[in-house]
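After the structure tokens below, expect a handful of questions from me.
Read-outs: derived from the displayed coordinates by stated rules, not from any lab. Fair warning: this is a prediction, and the values are worked out from it, not measured in the lab.
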Amino acid sequence: MSWTLRAVPLRCAVGNPANRITLDYAGMRFDVYGRYELDVIRDGSKWKVFRRGDGKRVLLDDVVIPAEIDEDEIATYLDDLFHELARPGQIVRRVD
């Protein structure tokens, strides 16, 4: 699997410079077999997946979660995507 990585800040500034607001995107955090963590946020009708690390998020453009997947189904969906990285008995789990 090949991923396209793009750095994305943990916070997003909104508004004109005089009235700038900073929003935190909490989203959902998932542990992928103890190897790394992913954040998944809803952006309108789409899910966006970010890999966490060193105080920033990196958008994973190649990891696509269908819009019709419900929030409570995401861990199972990610487990299906990344199962080749797992050792026997490991699962993707939500950690937030």
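Would you kindly state how much longer the chain becomes between Arg87 and Arg35 on full extension, computed as 0.36 nm times their sequence separation minus their alpha carbon distance, in nm to one decimal? Before the final figure, lay out each step's value.
Values: separation 52, 0.36 × 52 = 18.72 nm, distance 1.10 nm.
Going from the current span to full extension adds 17.6 nm.
Report P(r) for segment 33-96: all Cα-Cα distances, bin width 5 Å, range 0 to the bin holding the largest distance, values in whole percent.
For segment 33-96, the pair-distance distribution reads 4, 16, 29, 27, 17, 7, 1, 0.
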